[in-house]
Amino acid sequence: MLVEGELVDAYWPAARLVVELDGWEFHRTRGQFDRDRRRDTALPLKGIAVVRLTQPRVQNEAARVSAELRALMARRRVVAAATTERSGWAADGEAPNLTPRERPFQPGRPP
């Protein structure tokens, strides 16, 4: 999905939070690495936080990652009554379902 002209993996508009899923399959070239770092600077300059998650963290620490994302969303919430527009994984403001058994990790797509 596009956020401020940048292609991202998931976005929660109410929290102005982007989550990028990193895996070697899509992030092993110098060009991709450079594009990711540019985006990591461009989005925060527009008030949008960027969190990067790796495949092992999503698969092995699903409960912890979910709790961390919930806490980040709660702290970043701009308006208590969020828009009904849907994010990449779940309705705005709701924590994503990161259970690996239910959604296997696929780089470039939400788990």
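Derivation of every value follows stated rules applied to the coordinates shown; laboratory data play no part. Values in this document were obtained by computation on a predicted structure and should not be read as measured data. Every residue, glycine as well, gets a Cβ built from its backbone with ideal geometry; the counts of neighbours run over all protein chains shown.
Along each of the three principal axes of the Cα atoms of the stretch 1-63, give the extent in whole Å, ordering the values from largest to smallest.
Extents along the principal axes, in whole Å: 31, 30, 17.
How about the stretch 1-44: which GluC sites (Glu not before Pro) there are in a DSSP loop, with at most 15 other Cβ atoms within 10 Å of their Cβ? Don't jump to the answer; show the numbers that get you there.
Working: sites: GLU4, GLU6, GLU20, GLU25; in loops: GLU4, GLU25.
Answer in residue order: GLU4, GLU25.
Can you give the FRET efficiency to the nearest 0.05 for VAL51 and ARG30, using r as the Cβ-Cβ distance and R₀ = 30 Å?
Numbers: r = 23 Å, r/R0 = 0.76.
With R0 = 30 Å, the Cβ-Cβ based efficiency is 0.85.
Determine, from the Cβ-Cβ distance of LEU2 and ALA67 and an R0 of 30 Å, the FRET efficiency 1/(1 + (r/R0)^6), rounded to the nearest 0.05. Could the numbers behind the result be given before it?
Numbers: r = 28 Å, r/R0 = 0.94.
Step by step, r from the Cβ atoms, then E = 0.60.
Just rank ASP9, ASP34, ASP22, fewest to most, by other beta-carbon atoms within 10 angstrom.
On the way: ASP9 20, ASP34 10, ASP22 17.
Ordered by Cβ neighbours within 10 Å, fewest first: ASP34, ASP22, ASP9.
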